[in-house]
Every structure is written in structure tokens, then in C-alpha cells.
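Notes follow once the structure below has been shown.
Here, each number is a calculation from the coordinates, and none is a lab measurement. Bear in mind that the values here come from a model prediction, so they are computed numbers and not experimental data. With ideal geometry, Cβ positions are generated from the backbone for all residues, glycine too; neighbour counts draw on all protein chains shown.
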Amino acid sequence: MKVLVTVKEVAEADDDFSIDGTDIAESDLEYDLNEWDDYAVEAAVQLAEADIADEVVAVTIGPERAEETIRMALAKGVDRAVRVWDDAFEGAFPDVASKIDVFEAVVASEEPDLVLGGVQAADTGFGATGVALAERIGFNHAAVVNDLEVDADAGLANVHRELEGGVEELTEVDLPAVLTVQTGLNEPRYASLRGIRQAQRKEIAPMDLDDLGLDTTDVESTLTLTAMYEPESESDAELIEGDAGEAADRLAEVLREKGVGV
Amino acid sequence: MSVLVVADHRRGELRDVSYELVTAGRELADALDGELAVAVIAGDTDRFAESLNRPGVDRIYTVENGEEFDNTVYTAAVTELVGRSGATAVLAPNSVNGLDYAPAVAERLDIPLVTDAIDFAVDDGLTVTREMYGSKVETTVAVDGDQFCLTLRGGEFAPAEGVGEAEVESVTVDHPDSGARVKGFEEVGGGDVDIADADVLVSVGRGIEEEENLEVVEELAETLGATLSASRPIVDSGWLPKNRQVGQSGKVVTPDVYIAVGISGAVQHVAGMKGSDTIVAINTDPNAPIFDVADYGIVGDLFDVVPELVAQFE
């Protein structure tokens, strides 16, 4: 079977950051592979190692800068990657439908049996792409999966969905399917030196909308980011000042008043 | 211009967000000058409909279909009820189950979707308030479309109370065979310790950096006679077992004193500990959202502060 993993390079804001227009200033952002997608990559690579998957392909929507991140997924064992970018995405706030226009076209050419992706992207936190994609391409789906066993012969994935409050739902999903992967599903590996070397020779195919048979009207977003601001602090905490010793002294006093450690 | 909200329930109980959705749905319906309908799909529909019959609800649709959640059924039922009610706004919970059908509904209806909304306003069109970058910023997002779907974060709106006069209508929905079938449930986090029973919790987060550093907080817990708990990344890394996890997907705790060490305070974590009597936070980042719920805060390096605190009690 063939596994397609959707990955995203996400931006993380530094502790001290400033806002420039409707985004965080570029100099205060650091880029990395989305944490949730790292678990999806690991799950896909494990399926390949168990000889359940014959090929693992990663797909991303991202500018050239994202190749470094995608290369890390290749170094962890993904066979090859497709990177889609177009000027139309530059500075835009794409809605879910525009993203799945792209993924739908990639699915049409790759014909995977299983699509894995993170539950959400750490920066935008939408948590919707995987399930919307499943609907578009006619796959079954399960969101927030934290345990996965694929029975290729039976055409099934047996998953746990992590519900709120320490409860897991045990669910049987018919393949082909899209599963969105929760952190904690597995232990994502670090890329080995050998893996990093091999990744240099693996293909990252660049594609634009034209290559996918799409045009800019397909990815026009229904959403516009109109403002970004730091939320007003609702804190009424007593901030304990001083060096570590002084602060600990005052905190110890507070804790003793509450009957702790006495 | 009417609003359809979708109730959230699980294993025989309506979840709190259902009542919050009624409040938010009524606000949205008022802004759109329309009616509010509530969808109750599967489970004990009659009992749920009665509970959700709160003031401001005009109509409740019940769809009988087994006991539990099924994304095939939910997607078909919500889509059908949008057509039937003429709803221009669909309001679903931003829960694990909500996110298992709302994106599919929006896609099937070809309408814009905004998830994890914490507020909204209707002016020239819909504007949604939501967070980005792990709660570090809030944003407003303008939605272009006469019809849309929102998922609403729990705990942001007051639950609707009282008894209303809604009409209840039972609806049968055709749907294809389910592609994802629920086989059962499993409670996680049994084991030796129930952190929900502890009077004092020392809770550790990502700020601890390495597994071997855990002894710093273990020593604090031991010195204070407290129980050790953790935020999600510590459990995901396998450094502490799942039964120690505080938060939306772990345990909800309400100890007398909760000491958050190196925890930034993501919304999923705060949902599990904000009911503690006294909250103490130690974190290097003065902007960390944990300070918003803390009663006492130290902006500082846990590796400096915690050993000093241990020394105070020795």
C-alpha cells in the first residue's frame, strides 16, 4: 500500500515578539516541522518498516524555504516528497478548501491507500484539513488518532481516537482513509546521519498550481486575517519579585499559609 | 438567516459545550435576525432534547441513530438539517468529535469554515476571533460568504439556563454505510495514583527540557508532600505515565494548591486545572498564558527557583 503524509512547516513565535501588520514580525519567527506532522511521518515510516507500506510520499504546501524541513522528513525515512507552491499563496491566509484543492490534485496523481497528517498545525491551529480532504476525495476518516494498527489484508485501520477526559474511542476505519494523528501516537525518531545523507539524494518535486491543473481562482480564500494582537492579560496574579532565593522565600511563606509542607 | 447548532454528547451524557453552543447560537441568531435550531443526533435523543430546550431555542431536531458518535451519520445528518432548517450558520463544538464531522459538513456544503472560535461579531459580514501561534496572539478573521460553519471552543460562552418553548421534531436521515465504526471505549490513566485525589500537585511541563531533569521536580513534590503531575508534552515523551496528565485529554484536577513548573499554560492544559483553589506558576516567559490563571507567579528559571524552594522546606 502507498501512504501519503501531509506535512507543514510551521512558524513558532519567540517569547519576545512584535506584531507587524496582521502577522508576527518575520524576525521573531522560527520555522520547524509541525509537531503533529512529525508523529504522522513516524507512523508512516513504521508502516514501511513493517512492510505494510511499499512507499511513503510526503506532500507539503510551502515556499522554497520549507525544503529544509521536508528534507528532515526524508531523512527519517520518507521515500520522496512533493512541494507545492505558487505566488498565489504568498502572504495569503488560505482557507481549508484551497488547501484541499491542492491535496486533492496530489492524491489524484499519487493514488494513496492511506493519508496521514497531524491533527492540526501549531501556528494556525485549524485542525480541519484532513477531515475536509477525506470528504472531498471520498475516503473514510478518523480525527485525533493516538493509536494505529493497519490490517492491510482486511483493508482496515484499527485506531484509538483520543477523546476529552482520558477516554479513548476504539474505532475501525475502512481503507482508503485519512487519519489525523495526535501527538503521543509513537516516539518520533531523530534523523540518523545516514538518513540525512540519503535524504540529499531523495526527490522533492516542486509543483505549482499549473502543474496540478489548478489556477489561482481555485485557491482564492474565503477568509481574510483582519487583525492580530496580543490578548489582554487577564492576570491578577501576585508576581513575586526578586532573585531566585528571595522569590523562593516569599513563595514558601505563601505555601505554608496554605498548609503546604507544614 | 437562521442558525443550527449541533449538540455534543458522549456515552449517555450531554457535554457542557452543548449548553454554551445554545448561548452562542442565540447570540448569532439575534445578530442575523433569525431562528435558532438545535440538532441532537444519536444517543438518548428525547432526553437530550428536553435538556436542551432552553429559552431562545426555537426548534430542536432529533435524529435517532444508535447510541454513539459516527462521523458518517453526523455529516449526513447535519447536512440534511441545514437544508431542512434553511440555516445560514452552522455552529458545532470544537471538540474531538466536532472536528471529526464539521470540516466534512463545510466541505460537503461548500461553505467557509472557521474552527476554534472564541468569539464572533456580525457587522458587514461575519468576523471571528480566534487564537494563533499557540495562544500567543488573538486574531480576527473576516469570512466571505452568506453561509458558513464555525466550531466553538468550550468554556468561552456561558451555558444557557432555564426552560424554553422549542418545538421538537424527529427527523430520519439517510446515510451511507459507516466507514468508521465505534467498537468501544477505553479509560486511560488508571494505575497507582489518581492525581484528581491529590490536595497538592506539583505539575511539570516542557520547561524541564530533559527527562533526567525530572528529579528537580520530584524532589520538590517529595519535600512538600505533594503528588507529581504533568502537562501533555511530558507524557507524550514517555517521561511520565498517562495517568499523570492534567488537561482536556487527561484528568481535570481541582487541588487546594497547584504548582505549575515550566508549563506555558496552553488552553488544553488550563481546562484541566483552572478550578484549583490556589495556582502557583513558575515560568521564564512573562507572557506565558499560565500567568493569566495563576494566583502567584514567579518569572524565572525553574532550575534556579525550584532548588531554592526545596531548601526553604528542608
Scaled to the compact-protein estimate 2.2 N^0.38 Å, what is the alpha-carbon radius of gyration of region A:2-219, rounded to two decimal places?
-> 0.99
Say the dipole of region A:96-160 comes from +1 at the beta carbon of Lys and Arg and -1 at that of Asp and Glu; which of A:PHE103, A:ALA121, A:VAL150 then lies farthest toward its positive end?
-> A:ALA121
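Calculate how many DSSP beta bridges within region A:2-219 are antiparallel, expressed in % of all such bridges and rounded to the nearest 5.
Among the beta bridges of region A:2-219, antiparallel pairing accounts for roughly 40 percent.
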Nearest-20 debye value, region B:180-231 charge dipole, Cβ charges on Lys, Arg, Asp, Glu | 520 debye
Could you quote the convex hull projected area for chain B, Cα atoms only and averaged over all directions, in nm²?
-> 17.3 nm²
Rounded to the nearest Å, what's the spacing between the alpha carbon centres of region B:231-286 and region A:27-48? Just the number, please.
-> 24 Å
What ³J(HN,Hα) values, in whole Hz, does the Karplus curve 6.51 cos²θ - 1.76 cosθ + 1.60 give for region A:234-243 when θ = phi - 60°, with x put for Gly and Pro?
-> 9, 6, 10, 6, 7, 7, 8, 8, x, 6
So which lysines pass the test for A:LYS76, namely a Cα distance under 23 Å, with those fewer than 8 places away in the same chain ruled out?
-> A:LYS2, A:LYS8, A:LYS202
Antiparallel bridges, percent of DSSP beta bridges restricted to region B:1-159 (to nearest 5) = 40 percent
Excluding residues on the same chain fewer than 8 positions from B:LYS251, give the lysines whose Cα lies under 29 Å from its Cα.
-> A:LYS258, B:LYS136, B:LYS183, B:LYS242, B:LYS274
Per residue, what volume in Å³ does the Cα convex hull of the protein assembly as shown take up?
-> 153 Å³
Under 16 Å from a point 7 Å along the Cα-to-Cβ line of A:ASP174: which residues of region B:68-108 have their amide N that close?
-> B:70-76
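First select every other residue whose beta carbon is under 11 angstrom from the beta carbon of B:GLY262; then total the charges, Lys and Arg +1, Asp and Glu -1.
After counting each charged neighbour, the total is -2.
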Average projected area of the Cα convex hull of region B:2-170, in nm²?
-> 8.8 nm²
Fewest Cβ neighbours within 10 Å first, please rank B:ASP194, B:ASP295 accordingly.
-> B:ASP194, B:ASP295
Globularity index of region B:195-313, i.e. its alpha-carbon radius of gyration over 2.2 N^0.38 Å | 0.92
Can you give the translational diffusion coefficient of region B:174-263 in µm²/s, computed by Stokes-Einstein from the Kirkwood radius over Cα pairs at 4 °C and 1.567 mPa s?
-> 91 µm²/s
Taking the dipole about the Cα centre of chain B, with the C-beta of Lys and Arg at +1 and of Asp and Glu at -1, give me whichever of B:THR254, B:GLY83, B:GLN147 is farthest to the positive side.
-> B:GLY83
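State the percent of C-alpha pairs, over all pairs in region A:180-233, separated by a distance greater than 16 angstrom.
Tail of P(r) above 16 Å: 75 percent of Cα pairs.
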Under 5 Å, built H, 5+ apart or other chain: amide partners of B:GLY275 = none
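Among B:SER237, B:SER276, A:SER27, which comes first, then next, by fewest other beta-carbon atoms within 10 Å?
Values: B:SER237 16, B:SER276 23, A:SER27 9.
By the 10 Å Cβ count, ascending: A:SER27, B:SER237, B:SER276.
What number, in percent, do you get for the relative contact order of chain A if the mean sequence gap of Cα pairs under 8 Å and at least 6 apart is divided by its residue count? Could you put the intermediate results ahead of the total?
Working: 484 pairs, mean separation 62.5, N = 262.
After rounding, I find 24 percent.
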Neighbours of B:GLY179 by Cβ distance under 10 Å: Lys/Arg at +1, Asp/Glu at -1, summed charge -3
Check B:GLY297: other-chain or 5+ apart residues with amide H under 5 Å from its amide H, H built from backbone geometry?
-> A:GLU238, A:LEU239, A:ILE240, B:ALA281
Simple spin-label estimate for A:GLN200 and B:GLU64 in nanometres, 7 Å along Cα-Cβ | 6.8 nm
In range of the label at A:ASP51: residues from region A:1-44 whose backbone nitrogen is under 15 Å from the point 7 Å along Cα→Cβ | A:1
Put in order of increasing Cβ neighbours within 10 Å, starting from the fewest, A:GLU135, B:GLU219, A:GLU203 give A:GLU203, B:GLU219, A:GLU135
Could you run the Karplus curve 6.51 cos²θ - 1.76 cosθ + 1.60 with θ = phi - 60° over region B:287-300 and give me ³J(HN,Hα) per residue in whole Hz, x for Gly and Pro?
-> 8, 4, x, 4, 5, 5, 9, 7, 8, 10, x, 10, 8, x
So what are the ³J(HN,Hα) numbers for region A:150-159, from phi and the Karplus equation (6.51, -1.76, 1.60; θ = phi - 60°), rounded to whole Hz, Gly and Pro as x?
-> 9, 10, 5, 4, 7, x, 10, 10, 9, 10
Rounded tilt (10° steps) of B:71-85 against the dominant C-alpha axis of chain B = 50 degrees
Taking chain B and dividing mean pair separation by its residue count, relative contact order in percent (alpha carbons under 8 Å, at least six apart) | 15 percent
Along each of the three principal axes of the Cα atoms of region B:213-278, give the extent in whole Å, ordering the values from largest to smallest.
-> 28, 27, 20
With both partners inside region A:1-105, how many of the DSSP beta bridges are antiparallel, as a percent to the nearest 5?
-> 40 percent
Cα centroid distance between region B:20-87 and region A:120-194, in Å?
-> 27 Å
Computed for chain B: size of charge dipole around the Cα centre, +1 on C-beta of each Lys and Arg, -1 on C-beta of each Asp and Glu, debye to nearest 20, value 560 debye
Charge dipole (debye, nearest 20) of region B:195-313; +1 at Cβ of Lys and Arg, -1 at Cβ of Asp and Glu | 600 debye
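Could you tally the net charge around A:ASP20, taking each other residue with its Cβ under 10 Å from the Cβ of A:ASP20, Lys/Arg +1 and Asp/Glu -1?
That sum, taken over residues with Cβ under 10 Å, equals -3.
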